[in-house]
Structure formats: structure tokens, C-alpha cells
1. Regarding residue 162, is this residue buried (at least 18 other Cβ atoms within 10 Å of the Cβ) and closer than 28 Å to residue 110 by Cα?
2. Confirm whether residue 166 is outside any loop (DSSP other than H, G, I, E, B) and within 18 Å of residue 124 (Cα to Cα).
3. May I ask you to list the residues in the range 185-203 that are over 16 Å from residue 163 (Cα atoms), aliphatic (A, V, I, L, M) and in contact with a strand residue (DSSP E or B) (Cβ under 6 Å, 6 or more places away or on another chain)?
4. Would you pick out the residues in the range 127-139 that are surrounded by fewer than 23 Cβ atoms within 10 Å (Cβ to Cβ), under 12 Å from residue 150 (Cα atoms) and not polar (S, T, N, Q)?
5. Would you check which residues across the range 48-72 are assigned to a loop (DSSP other than H, G, I, E, B) and either more than 22 Å from residue 10 (Cβ to Cβ) or of a type in the set (Val, Ile, Thr) (or both) and list them?
6. Among the listed residues 224, 214, which satisfies the condition of being over 23 Å from residue 150 (Cα atoms), at pLDDT 65 or above and of a type in the set (Val, Ile, Thr)?
7. Scan the range 132-152 residue by residue and report those that are part of a loop (DSSP other than H, G, I, E, B) and either farther than 14 Å from residue 107 by Cα or touching a residue at least 40 places away in the same chain (Cβ under 8 Å) (or both).
8. When you scan the range 182-193, do you find a residue that is crowded, with 17+ Cβ neighbours inside 10 Å and under 12 Å from residue 274 (Cβ atoms), even just one?
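The values are calculated or read from the model by the stated rules, or taken from the named source; none is laboratory data. Everything numeric in this text was worked out from a predicted model, so none of it was measured. Here the Cβ is made from the backbone with ideal geometry for all residues, glycine too, and neighbour counts use every protein chain on show.
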Amino acid sequence: MKMKVTYDLLKRYKACKQGLEFMQEFYPDGAEALDIVNEHEVPIEFLHFARQYFDLNEEELKKYFELCNVDSNCENIWSSQQITNSQNVSYSTNVRNSAYVQTSRDIRNSRNIYGSLGVIGSKEIFMSSNVKDSLYIVSTTDVTCSEQVMNSRNIQWSNMIYSSRDVSDSSFITCSLQANNCSVSGFLTNCSNCLFCYAIGESKYQIFNQQVSVSEFEYWKSFVDFLLEKEKKELIKIQEDSFNGARMISRPKITSIFDDLSEDFFGEIGTIPYYDEEIFLDLFFKLK
């Protein structure tokens with residue numbers, strides 16, 4: 001059965017003022033949906049309204065997807081446009097080869113994306129922009145090849161980063177600015193090659209805020225990286241396939257960077273020659 005659209009029908013579903021005025025001007029006696037879209041270039045919002053509230057037949061639905069530029073290789077697409085070879089997409093624009101995308105734009109080869117812009121080759125991205133080849137990113141801008149990053153900006157080749165900026169080749173970093181090749185540290189400013197450091201700036205090759213040689217740093221950094229790899233810590237946990245049609249059915253669970261590390265990990269830290277209990281407490285209790 002073909003869908004007939006009337007002014008009264010639109011009013012019943014609380015259509016916008018622009019839509020009601022359109023019907024009054026061009027179709028005061030109503031008209032079939034296909035006739036309307038064939039005779040006028042209607043705004044994309046009108047099309048999405050019809051898909052959401054009316055029971056469109058197969059021909060009308062095909063026309064809707066055609067006008068929204070959604071190709072035939074797509075499935076479960078809602079209120080979206082410019083969609084290619086993707087599934088489970090809602091309220092999004094310009095999505096290609098992706099799945100479970102909601103309220104996002106310019107998404108390529110990605111999965112589980114929410115409220116984000118400019119995401120390529122990534123998974124589990126929430127409220128972030130300019131993300132490439134990354135995993136589990138929340139409220140972050142400009143991320144490349146990184147995992148488990150939140151509330152940060154310009155992060156590259158790093159993991160477990162929280163509330164930091166301009167960080168590269170680092171892990172377990174919080175509240176820092178300009179950190180390179182650093183691990184398990186917080187409140188760093190323009191530092192590189194730092195391990196278990198807290199509230200220092202303009203520093204290189206330090207362990208527990210103490211100067212060390214290059215060889216000593218590299219040895220203990222490798223040791224700690226091995227311990228962290230075994231921990232398999234997750235700052236951000238997201239249920240697989242978080243989006244079902246137009247609804248997001250789970251949200252990221254946020255933990256502290258330093259929550260849930262094992263007793264074995266803490267015991268091994270105490271074997272580092274430069275161990276400093278005061279800095280240890282600052283890192284693992286103040287930053288929780």
C-alpha cells in the first residue's frame with residue numbers, strides 16, 4: 001500500500017513548522033510520498049522523518065535510501081546519509097566500510113563509533129575526533145596508533161593515557177604535557193625517558209625522580225614494560241557491538257589508570273634500586 005502524506009498526518013506526528021508549511025503550499029489535499037519526492041527536492045530531514053514515523057513500503061524505502069545515498073550493501077541504517085558498505089548506522093554522515101556507528105561523521109573502516117568525527121581504522125571510539133588506527137578512545141582529539149586514551153589530545157603510539165597532551169611512545173601516563181618514551185608517571189612537563197616519575201619538568205632519563213644513565217633507564221624500562229604487558233589493564237571497557245539500530249545499548253566503563261594492578265606488580269616495583277616510597281604513594285594513591 002502506498003503512503004499518502006497529509007497536513008493532518010504530519011501535524012499528528014508533530015512535524016516541524018517548515019514541513020507543515022511545505023504541505024500547505026504544495027499539497028493542501030495531501031499526496032503520495034513518492035510523488036512528493038519525485039516532484040520536489042525535499043530536505044534530508046523530511047526524508048528521515050518519514051522513515052521514522054511512517055510505515056514505508058518496499059518501493060518507498062528503496063527511494064528513501066537512494067535519496068540518502070545509502071548503497072545496497074548496507075543493513076540497518078537509520079537517519080543517516082552517504083553510507084557505503086556499512087551496518088547498524090544511525091544519525092551519521094559519510095560512513096564507509098564500518099559497523100555500529102552512531103551520531104558520527106566521516107568514518108572509515110571502523111567499528112563501535114559514537115559521537116565522533118574523522119575516524120579511520122579504529123574501534124570503540126567515543127566522543128573523539130581525528131582518530132586513526134586506535135582502540136578504546138574517549139573524549140580525545142588527534143590520536144594515532146594508540147589504545148586506552150581518555151580526555152587527552154595529540155597522542156601517538158601510546159597506551160593508557162589520561163588527561164594529557166602531546167604524548168608519544170608512552171604508557172600509563174596521567175595529567176602530563178609533552179611526554180615521550182615515559183611510563184607509569186604523572187604530572188610531567190616536557191619530559192622524556194622517565195619511569196615512575198611524579199611532578200617534574202624539563203627532565204630526561206629519570207627513575208623515581210632520580211637521574212640515571214641511559215643504559216640503566218633502558219634496562220628498567222624494559223623490565224617494567226614486561227610487567228605491564230602481563231597486567232592487561234583496561235582503562236576503558238566497552239561491550240562488543242554496543243549499538244543496535246538507532247540505540248546505543250552500552251556505554252564505556254571508566255576505571256582509574258592505576259586501579260586493579262596486581263600485588264605481584266607492586267612487589268616487583270620494590271626491587272628497582274631507585275625505588276622511592278613517597279613517589280610510589282603519590283602515583284598509586286593520589287592519582288587514583
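1. Working: buried (at least 18 other Cβ atoms within 10 Å of the Cβ): yes; closer than 28 Å to residue 110 by Cα: yes.
Spelling it out, residue 162 is indeed buried (at least 18 other Cβ atoms within 10 Å of the Cβ) and closer than 28 Å to residue 110 by Cα.
2. On the way: outside any loop (DSSP other than H, G, I, E, B): yes; within 18 Å of residue 124 (Cα to Cα): no.
Considered against the rule, which asks whether it is outside any loop (DSSP other than H, G, I, E, B) and within 18 Å of residue 124 (Cα to Cα), residue 166 comes out as no.
3. Scanning the range 185-203 gives a single hit, 195.
4. Those that are surrounded by fewer than 23 Cβ atoms within 10 Å (Cβ to Cβ), under 12 Å from residue 150 (Cα atoms) and not polar (S, T, N, Q): 127, 135.
5. First pass over the range 48-72, keeping only residues assigned to a loop (DSSP other than H, G, I, E, B): 54-57, 68-69, 71-72.
The answer is 69, 71, 72.
6. Result: 214 is the single residue among 224, 214 that is over 23 Å from residue 150 (Cα atoms), at pLDDT 65 or above and of a type in the set (Val, Ile, Thr).
7. In the first step, residues of the range 132-152 are kept if they are part of a loop (DSSP other than H, G, I, E, B); the result is 133-134, 139-140, 145-146, 151-152.
Once the filter is applied, which keeps residues that are part of a loop (DSSP other than H, G, I, E, B) and either farther than 14 Å from residue 107 by Cα or touching a residue at least 40 places away in the same chain (Cβ under 8 Å) (or both), the range 132-152 yields 139, 140, 145, 146, 151, 152.
8. Initial filter on the range 182-193 (crowded, with 17+ Cβ neighbours inside 10 Å): 182-188, 191-193.
Add one more test, that the residue is under 12 Å from residue 274 (Cβ atoms), and what stays is none.
No, that holds for no residue.
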